[in-house]
Number of protein chains: 2
Amino acid sequence: MLRLNSRDPGFAQAFRRLVRDRRESDENVARDVQIILDDVRNRGDAAVAELTQKFDGHTLAADGSDWRLPAELCREAFDALQPELRAALELAAQRIRTYHEGQKPADRDSTDAEGVRLGAVWRAVDAAGLYVPGGRAAYPSSLLMNAIPAKVAGVERLVVVTPTPKGQVNPLVLAAAHLAGVDEVWRIGGAQAIGALAFGTERIQPVDVITGPGNAWVAEAKRQLFGVVGIDMVAGPSEILVIADGYNDPEWIAADLLSQAEHDPSAQSILITDDPLFADTVADQVGIELALLPTARTAAESWNSYGVIIEVASLDEAPALANALAAEHVELAVDDPEPLFRAIRHAGSVFLGRHTPEAIGDYLAGPNHVLPTGRRARFASGLSVLDFMKRTSFIQLDAAAMRAIGPAAIALAEAEGLPAHARSVELRLGI
Amino acid sequence: MLRLNSRDPGFAQAFRRLVRDRRESDENVARDVQIILDDVRNRGDAAVAELTQKFDGHTLAADGSDWRLPAELCREAFDALQPELRAALELAAQRIRTYHEGQKPADRDSTDAEGVRLGAVWRAVDAAGLYVPGGRAAYPSSLLMNAIPAKVAGVERLVVVTPTPKGQVNPLVLAAAHLAGVDEVWRIGGAQAIGALAFGTERIQPVDVITGPGNAWVAEAKRQLFGVVGIDMVAGPSEILVIADGYNDPEWIAADLLSQAEHDPSAQSILITDDPLFADTVADQVGIELALLPTARTAAESWNSYGVIIEVASLDEAPALANALAAEHVELAVDDPEPLFRAIRHAGSVFLGRHTPEAIGDYLAGPNHVLPTGRRARFASGLSVLDFMKRTSFIQLDAAAMRAIGPAAIALAEAEGLPAHARSVELRLGI
């Protein structure tokens, strides 16, 4: 854990280093991924089957009969959930759905003083693919957070791909797929699954947008296919910035820092506080809670390698630091968070006040938990209904409207050396 | 030019080929671009200067004094415009601004029955970079279409990079930069300019989003830097689909097809009509107009290589074909375009009725002319104010709200094996 103090002479430099510090894997998988994608494009299902055997140790039936997990199986997994967990998943789905319904964009259609009708209509993409990792990172909450916005957008065909290493399926993920209304679940993963979704194969129809988290191969495959399909933002390790005064319960704040750290050894938890004593107590408390935590191995690795506590003279310094960090999650653990919140320009999601731990946003507050990481909140937003929709603009002129604005178009077309552009307008003006 | 008839037995197959036909360059510049980007990242301005010398044949002053074009020069270029052209540019800027003002998203802030406050705020990115090609493709209209949405979004620092081959600047582009309120103009281009914008150099501060058209190197540089900065959609050659009945003036429709063809030898113009005689007349008319067209060389190459006329038995067949083509521009040249428009799901922009040539949208109708090409309208939208903004969601609970939804979060955290997540909620519930 790194301890900084904004009053120290070396602070500016140390903080700049912290901002620049990249925790993302530089693993160069571009070439491997390109080979896999070319193979899937050229050989379709045969390539997918071979690569699944190779990477997942799972043999897909030659007749294709077990490539898809039947909807029945997902329903059964859902019905088999413990009642408390089922109710929790249902509450999460309902709250996520309600929040995302509010994101649906409005169409526009109006006619201006010159008689030019202008507008735009939003429509869902026809089909979306959702990657769900196998193993440790297979979270039902992640499935809900990706699938529900697609369904709210109106996507008619929502396809999940998920590896089943050695044939093992994750019943929680299947249950969430049922609840979210997923239309197809294919037991394939890795770059080959992304290729199958983008290009289509004999068995798998292509999709238009691919979202969802994955390992370095999956992320690189999405990056290479950007433009062939739509994709969500590149995602790196998760991070939290907690801005807290000395009036918080140090136990609460320590738990919040650890809730981020337990995700991934590369996750980062940062505390900014104006109270040196509080900083010490939180640091101690992290140690105490780590001793009891079943996920201590991951959490300790993250906290020891990337954890940071920054003492500032006043919390007024915090927004500038927060904007430079542009963190995925920002907690404002103070009585009145509004002034700080107004000053923070760059953040994925902000958690206001002492009673809003980040974990509540991971599961069921409502807003999406797929958020920009690694300073991408400077330019990117969390996943939303808009990622599964697209806008078509439209224009309608009549003869009078053309008389009003056509001559200017002719002048511009001529200046740009595009005479056929000018001609198409002149003809309508009887020139 | 390819002639198809939907009644022919081979039509389905021929149309499928047309849909799959890629007109995009497969030029493999990835490796070259990677080397350039690494060089700019490592050596900054020194690399930029050397690469500008090498690719643009232009020597940038060692003291940096002539790297930026002064704002003064842009104002002078604007003042020197012929009055008619200046008025046309001003009308275009005003109409584009008005339309894009209507795209500004609303913030959300509400508290639900459980006492959970949820919302989202939209903010502009701090800085945006806009690539403006040198030479033939340097269009002032393109500068307005990229710069105005950024300024409407509220971007405080808008930076243009544009190569000045052998030192030549384009006064029309400078005039448009003045009109659009561009803050900085740097005379650099190619992948090196994209690298300088993304990483920053000693002289050039980095930006958060990069948009604007460019050659294969520029497009690949943007693709490689996706995630380091935000970028607009990959753009390929332009295309138009005209759906027209037999009651149009064939001269008008021929001019519309050629207005697309004159952009680029790889551009594509497609006509769908239910009137075989009209189809013949338009084909003849294209030949007649080509003979008179100053841009005939480009337009003829495009029309001969990629032009298509499709005869259908009824225009009712057209929307299904249009949806498969998902064209950048779609003209509906019929008396009542509404039924066709409602049936078209995938298109960049639609031009309604006989008096709306595509060229009017290129210059000053108002909607953006930066539109998805190459079937990307299936999942992508035209450039908009949203490309220069990002959304921060927020969540606020009090103790009562936490009592209402906290227990479900604990159940989900435990099911996902994330005990510190559960703990951060339990502590707030006094568990």
Any residue in the range A:337-356 that is of a type outside the set (S, T, N, Q), surrounded by fewer than 24 Cβ atoms within 10 Å (Cβ to Cβ), without any contact (Cβ under 8 Å) to a residue 12 or more places away in the chain and in a loop (DSSP other than H, G, I, E, B)? yes
Single residue of A:ALA377, A:ALA322 found to be within 22 Å of B:ASP387 (Cα to Cα) and not in a loop (DSSP other than H, G, I, E, B): A:ALA377
Can you name the residue in the range B:120-141 that is at the interface with another protein chain (Cβ under 8 Å from one of its Cβ atoms) and in a loop (DSSP other than H, G, I, E, B) and, of all such residues, is nearest to the chain's Cα centre (by Cα)? B:TYR139
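Can you tell me how many residues in the range B:164-180 are assigned to a loop (DSSP other than H, G, I, E, B) and over 16 Å from B:SER141 (Cβ atoms)? Reasoning before the result, please.
Taking the range B:164-180 as the starting set, the residues that turn out to be assigned to a loop (DSSP other than H, G, I, E, B) are B:164, B:168-170.
Among the residues that remain, those that are also over 16 Å from B:SER141 (Cβ atoms) are: B:164, B:168-169.
Looking only at that region, the number is 3.
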For the range A:320-370, which positions are at positive phi and in contact with a Ser or Thr (Cβ under 9 Å, 6 or more places away or on another chain)? A:GLY366
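Can you name every residue in the range A:76-98 that is more than 14 Å from A:VAL169 (Cβ to Cβ) and more than 14 Å from chain B (Cβ to nearest Cβ)?
To start, the set of residues in the range A:76-98 that are more than 14 Å from A:VAL169 (Cβ to Cβ) comprises A:79, A:81-98.
If the condition is that a residue be more than 14 Å from A:VAL169 (Cβ to Cβ) and more than 14 Å from chain B (Cβ to nearest Cβ), then A:ASP79 is the only one that fits.
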Residues in the range A:287-299 that are more than 10 Å from chain B (Cβ to nearest Cβ) and over 28 Å from the mean Cα position of the chain (by Cα) total 3
Of everything in the range A:350-360, what is more than 16 Å from B:HIS421 (Cβ to Cβ) and either in contact with a Gly (Cβ under 7 Å, 6 or more places away or on another chain) or at the interface with chain B (Cβ under 7 Å from one of its Cβ atoms) (or both)? Give them in sequence order. A:VAL350, A:LEU352, A:GLY353
Which members of the range A:395-418 meet the condition of being at the interface with another protein chain (Cβ under 7 Å from one of its Cβ atoms) and not small (Gly, Ala, Ser)? A:ILE395, A:GLN396, A:LEU397, A:ASP398, A:MET402, A:ILE405, A:LEU412, A:GLU416, A:LEU418
Looking across the range A:99-119 at residues that are crowded, with 20+ Cβ neighbours inside 10 Å and facing chain B (nearest Cβ under 7 Å), the single one that is farthest from the chain's Cα centre (by Cα) is A:VAL116
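Which one is nearest to the other protein chains (Cβ to nearest Cβ), of the residues in the range B:228-277 that are within 30 Å of A:GLY374 (Cβ to Cβ) and not in a loop (DSSP other than H, G, I, E, B)? First the steps, then the outcome.
Of the range B:228-277, the ones within 30 Å of A:GLY374 (Cβ to Cβ) are B:228-236.
Subset that is not in a loop (DSSP other than H, G, I, E, B): B:229-231.
On the way: B:VAL229: 6, B:GLY230: 4, B:ILE231: 9 Å.
The extreme case among them is B:GLY230.
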Which residues, taken from the range B:22-38, are over 30 Å from B:SER305 (Cα atoms) and touching a residue at least 24 places away in the same chain (Cβ under 8 Å)? B:GLN34, B:ILE36, B:LEU37
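Among the residues of the range A:313-349, which ones are among the polar types (S, T, N, Q) and more than 10 Å from chain B (Cβ to nearest Cβ)?
Just the residues of the range A:313-349 that are among the polar types (S, T, N, Q), to begin with: A:314, A:323, A:349.
A:SER314, the sole residue that qualifies.
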(1) under 24 Å from B:ASN170 (Cα atoms); (2) over 26 Å from the mean Cα position of the chain (by Cα); (3) of a type outside the set (D, E, K, R): which one isn't true of B:ALA12, the others all being true? (1)
Extreme residue, nearest to A:VAL48 (Cα to Cα), among residues of the range A:165-209 that are touching a helix residue (DSSP H, G or I) at 6+ places or on another chain (Cβ under 7 Å) and of a type in the set (S, T, N, Q): A:GLN192
Does the range B:361-381 contain at least one residue that is over 13 Å from the mean Cα position of the chain (by Cα), within 22 Å of B:TYR99 (Cα to Cα), more than 7 Å from chain A (Cβ to nearest Cβ) and in contact (Cβ under 8 Å) with a residue 12 or more places away in the chain? no
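Filter the range A:143-163 for residues that are of a type outside the set (Val, Ile, Thr) and in a helix (DSSP H, G or I) and give the result.
So the first thing to find is which residues in the range A:143-163 are of a type outside the set (Val, Ile, Thr), and the list is A:143-147, A:149-151, A:153-154, A:156-158, A:163.
Passing the criteria: A:LEU143, A:LEU144, A:MET145, A:ASN146, A:ALA147, A:PRO149, A:ALA150, A:LYS151, A:ALA153.
Which residue is surrounded by the fewest Cβ atoms within 10 Å (Cβ to Cβ), if the candidates are limited to the range B:312-336 and must be farther than 19 Å from B:ILE360 by Cβ, within 23 Å of the chain's Cα centre (by Cα) and not small (Gly, Ala, Ser)?
Taking the range B:312-336 and keeping what is farther than 19 Å from B:ILE360 by Cβ, we get B:312-326, B:336.
From what is left, the residues that are within 23 Å of the chain's Cα centre (by Cα) are B:322-326.
Restricting the remaining residues to those that are not small (Gly, Ala, Ser) gives B:323, B:325.
Numbers: B:ASN323: 17, B:LEU325: 23.
Per the stated criteria, the residue is B:ASN323.
Quick note: the coordinates plus some simple rules give every number you see, no bench work behind them. Here the structure is a predicted model, which is why all the values come from computation and not from measurement. When we count neighbours, we look across all protein chains shown, and the Cβ atoms used for this are built from the backbone with ideal geometry, even at glycine.
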